[in-house]
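Data first, discussion second: the structure below is written as structure tokens.
The values are calculated or read from the model by the stated rules, or taken from the named source; none is laboratory data. These numbers come from a predicted model, not from an experiment. Backbone-built Cβ (ideal geometry, glycine too); neighbour counts: all protein chains shown. Accessible surface areas use protein heavy atoms only, side chains included; no ligands, DNA or RNA. Shrake-Rupley method; radii C 1.70, N 1.55, O 1.52, S 1.80 Å.
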Amino acid sequence: MRRILTSLLVIVIVLSLNFFLFRLMPGDPTSTLLDPRFSPEAKEELLKAYGLDKPLFQQFLLYVKQMLSFRFGLSFLSQKPVWQELAERLPNTLALLLPSLFLSAALGTFLGVMAAKGRGKFSEKIVLMSGAVSFSFPSFFVQLVLLLLFAHVLPLFPLRGSASIPPPVGFWNLLGDKVWHMALPVLSLVLIGFGSWALYVRNLMVKTLGEDFVLLARAKGLREGQILWGHAFRTALPPIITIFFLSLPGVISGAVITETVFSLHGVGKFLLEAVSGHDYPAAGAAFYLLSLITVICNLLADVAYALVDPRISFRKVRR
């Protein structure tokens, strides 16, 4: 309950910051809405439709009501409901981020465990070197190089877009076209993300394999694979799961760069367009959803701890 109350407090702070920070940014949102050729009556009606004619405190109350009810109002730029815009773009963002997150986490975790198992061997040096290189390069550089090599020099993948225009006919053709367009962006995120996972898991497993319970398991004659995965990896699993849940918001916010480089019709590009265009409803909704995902992931990490670590329980101990 304390964690839930703290999370609610964080959401209240985020709502307040979202509202006031966007209005302190340089630029006038009415320039996006109002055409100089509009009559004064038309300008007044348009400002009234968006609630910009009301005092700041009333605008804040309207904004909080919209955020909590997930009715985010109309976008300044597209004149469409913000939720409709997000719903159209969300499938592309999920198709980009979920496979890349799971693949990079699985690949990095496996390589980290193997590197810890073969400590001091050539395989560990390869994992450490590849992980450091993967972790060091900025994402946009790797993505631009992949576009140059595999979309321009070797035209194996499309240069831009989330789907072909016009789209192919048939479900399987549509699915194959989507996979073809998402393959290179997902590959770029896996190449960028697996290195940090490999280095973190390797260091964690090296420490775990040096514990006394591992020495005791070897003294009992248990198989090396059983010791590695059934004892050492299970002990190291809670912090790995925590990092996995806490990395979700970072991956989503990183979609801004990826979707911009590959010209994907997703939430990240929508957020960038909203901020640069002073689109208060769209930008506020995007940041609110991102903060909500962050809070939920923190709570899920706490719950997951109790599921994988028998030393932790939510039940109150009676004395």
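Here are the numbers:
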{"quantity": "Candidate set: segment 279-319, residues that are at pLDDT below 75 and β-branched (Val, Ile, Thr); chosen: the one least open to solvent (accessible area, probe 1.4 Å)", "calculated": "Val308"}
{"quantity": "Test: Val113 is touching a Phe, Trp or Tyr at 6+ places or on another chain (Cβ under 8 Å), buried (at least 17 other Cβ atoms within 10 Å of the Cβ) and more than 27 Å from Phe270 (Cα to Cα)", "calculated": "yes"}
{"quantity": "Unmet criterion (only one of (1) in contact with a helix residue (DSSP H, G or I) (Cβ under 9 Å, 6 or more places away or on another chain); (2) surrounded by fewer than 17 Cβ atoms within 10 Å (Cβ to Cβ); (3) part of a helix (DSSP H, G or I)) for Gly225", "calculated": "(1)"}
{"quantity": "Residue in segment 72-107 that is nearest to Val261 (Cα to Cα), counting only those that are in contact with a strand residue (DSSP E or B) (Cβ under 8 Å, 6 or more places away or on another chain) and among the small types (Gly, Ala, Ser)", "calculated": "Ser75"}
{"quantity": "Check on Ser164, closer than 29 Å to Arg89 by Cα, surrounded by 19 or more Cβ atoms within 10 Å (Cβ to Cβ) and polar (S, T, N, Q)", "calculated": "no"}
{"quantity": "Criterion (open to solvent by 40 Å² or more (accessible area, probe 1.4 Å) and part of a loop (DSSP other than H, G, I, E, B)) met by exactly one of Leu149, Leu174, Leu144, Leu156", "calculated": "Leu156"}
{"quantity": "Qualifying positions in segment 246-278 - open to solvent by less than 40 Å² (accessible area, probe 1.4 Å) and without any contact (Cβ under 8 Å) to a residue 60 or more places away in the chain", "calculated": "Pro249, Val256, Leu271"}
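Here's the yes/no breakdown for (1) over 13 Å from the mean Cα position of the chain (by Cα); (2) crowded, with 17+ Cβ neighbours inside 10 Å; (3) farther than 20 Å from Lys269 by Cα:
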| position | (1), (2), (3) |
| --- | --- |
| Leu62 | yes, no, yes |
| Met67 | yes, yes, yes |
| Arg71 | yes, no, yes |
| Leu74 | yes, yes, no |
| Lys80 | yes, no, no |
| Leu86 | yes, yes, no |
| Pro91 | yes, no, no |
| Ala95 | no, yes, no |
| Ser100 | no, yes, no |
